[in-house]
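Notes to accompany the following structure.
The values are calculated or read from the model by the stated rules, or taken from the named source; none is laboratory data. Every value quoted in this text rests on a predicted model; they were computed, and no experiment measured them. When we count neighbours, we look across all protein chains shown, and the Cβ atoms used for this are built from the backbone with ideal geometry, even at glycine. Note: areas computed on protein heavy atoms with side chains; ligands, DNA, RNA excluded. Shrake-Rupley method; radii C 1.70, N 1.55, O 1.52, S 1.80 Å.
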Amino acid sequence: MRTVEDKARVLRRHVIEMVGKAGSGHPGGSLSCADIVAALYFGNVLKVDPSNPKWPDRDRFVLSKGHAAPVLYAALWEKGFFDHDLGSLRQLGSALQGHPDCRKTPGVEVSTGSLGQGLSIAVGMALAGRLDKRMYRTFALLGDGECQEGQVWEAAMSASHYRLDNLVAVVDCNGLQIDGPVAHVMSLEPLAEKFRAFGWHVQVVDGHNVEELLTALSALPPEGKPLALIAKTIKGRGVSFMEGVAGWHGKAPKGEELQKALLELTGTASAIPTATERCQQ
């Protein structure tokens with residue numbers, strides 16, 4: 001358990017360094033879902049093989065909230081999918097673009113970023129697995145603000161209709177989006193009841209409690225029902241001045257703010273080694 005929690009802290013550290021160096025990006029929503037991503041990749045939930053990213057029987061992960069790409073890149077790098085310098089985030093020609101690009105980055109299943117589309121893609125992947133008679137599971141990570149998109153609910157209806165019990169949707173409910181509180185922009189509540197009404201098996205979990213996440217992610221839903229996890233999280237989790245502040249949705253820390261964030265996450269403002277530096281140690 002401690003290993004997953006430690007990995008989540010490392011992922012957060014990477015996020016702050018990457019976004020800080022790039023001078024742009026989305027730290028708030030990347031930090032809020034770091035425990036979820038760590039549980040998936042380092043808690044023996046996702047069945048993947050970094051040496052064979054296209055393994056047919058791998059589990060699929062769709063980062064529907066594609067602006068949280070920094071935390072996905074950090075997890076894939078830590079898992080060993082690639083050794084690109086994480087400091088190249090958002091640089092021209094880099095494999096680490098501002099939103100995930102499956103053509104450039106090993107381990108990225110699909111290019112995402114147009115909000116509302118990821119769950120539909122995940123439904124297609126889950127259906128394909130059934131048709132191909134493969135046992136993999138498909139996981140999609142959505143933002144709560146993203147669930148204001150009508151396409152999310154069309155996908156939810158389809159998943160239930162086709163009885164996709166090999167599909168898991170995790171909603172990162174940090175309560176904030178770029179324009180402010182989700183409840184003020186377009187209220188989603190009662191979110192859990194909405195998914196249940198669409199025929200899903202639903203659990204509400206603490207999105208920062210690794211043990212709770214692992215139990216929920218590893219469990220199989222009732223036969224014929226897709227699983228929705230409503231993960232209650234805090235925007236900017238792990239960095240005190242970012243927590244619960246909508247302004248850090250898409251703003252990079254710099255100067256003293258950057259140093260303070262790094263100190264809070266690991267107790268030192270020195271950078272985590274790049275892939276090249278780590279190999280030389």
Task: Stokes-Einstein diffusion coefficient of the range 136-217, Kirkwood radius over Cα pairs, 20 °C, 1.002 mPa s, in µm²/s - done: 158
Open item on the list: If every alpha-carbon in the range 124-281 counts as one equal scatterer, what log10 I(q)/I(0) does Debye give at q = 0.11, 0.15, 0.17, 0.20 1/Å?
Closed with: -0.58, -0.90, -1.02, -1.19
TODO: Tabulate in residue order the Karplus-calculated ³J(HN,Hα) for the range 27-33, using 6.51 cos²θ - 1.76 cosθ + 1.60 with θ = phi - 60°, rounded to whole Hz; enter x for Gly and Pro.
DONE: x, x, x, 6, 5, 5, 9
TODO: Could you work out how far apart the two model spin labels at Asp179 and Lys47 are, taking each label as a point 7 Å from the Cα in the direction of the beta carbon, and quote it in nm?
DONE: 4.2
- [ ] Counting residues in the range 108-182 as N, plug N into 2.2 N^0.38 Å and put the Cα Rg over that result.
- [x] 1.14
Open item on the list: I'd like the distance separating the alpha-carbon centroids of the range 222-244 and the range 76-116, in whole Å.
Closed with: 22
Open item on the list: With a cap of 15 neighbouring Cβ atoms within 10 Å, and only residues DSSP puts in a loop, list the chymotrypsin sites (Phe, Trp or Tyr not before Pro) found in the range 133-206.
Closed with: Tyr162
Task: Angle between the chain longest axis and helix 69-79 axis [Cα atoms, degrees, rounded to 10] - done: 80
Task: Net charge of Cβ neighbours under 14 Å - reference Lys260; Lys, Arg +1; Asp, Glu -1 - done: -2
TODO: Could you list the trypsin sites (Lys or Arg not before Pro) in the range 1-109 that lie in coil according to DSSP, counting only those with at most 14 other Cβ atoms within 10 Å of their Cβ?
DONE: Lys47, Lys54, Arg103
- [ ] State in Å² the accessible area per residue of the range 82-207; use a 1.4 Å probe, count heavy atoms of protein chains only, and round to the nearest integer.
- [x] 46
Open item on the list: Placing unit charges on C-beta atoms (Lys and Arg positive, Asp and Glu negative, everything else neutral), compute the dipole magnitude of the chain about its Cα centre in debye, rounded to 20.
Closed with: 480
Open item on the list: For a quick check: with amide H placed at 1.01 Å from N, whose amide H comes under 5 Å from Gln177's, ignoring anything fewer than 5 positions away on the same chain?
Closed with: Val182
- [ ] Pairs of Cα atoms under 8 Å, at least six residues apart: use those to get the relative contact order of the range 1-159, whole percent.
- [x] 23
- [ ] With a cut-off of at most 14 other beta carbons within 10 Å, and DSSP calling the residue loop, which trypsin sites (Lys or Arg not before Pro) in the range 107-171 qualify? Please list them.
- [x] Lys133, Arg134, Arg163
TODO: Jot down the per residue volume, in cubic angstrom and as a whole number, of the convex hull over the alpha-carbon atoms of the range 13-78.
DONE: 90
Open item on the list: On alpha carbon coordinates alone, what is the Rg over Rh value for the range 62-148, Rh being the Kirkwood radius?
Closed with: 1.00
Task: CD proxy at 222 nm, helix term only [per DSSP H run n ≥ 4: -39500 (n - 2.57); per residue of the chain; nearest 500] - done: -12000 deg cm²/dmol
Task: Cα-based equivalent ellipsoid, the chain: semi-axes from gyration tensor eigenvalues, Å - done: 29, 22, 16
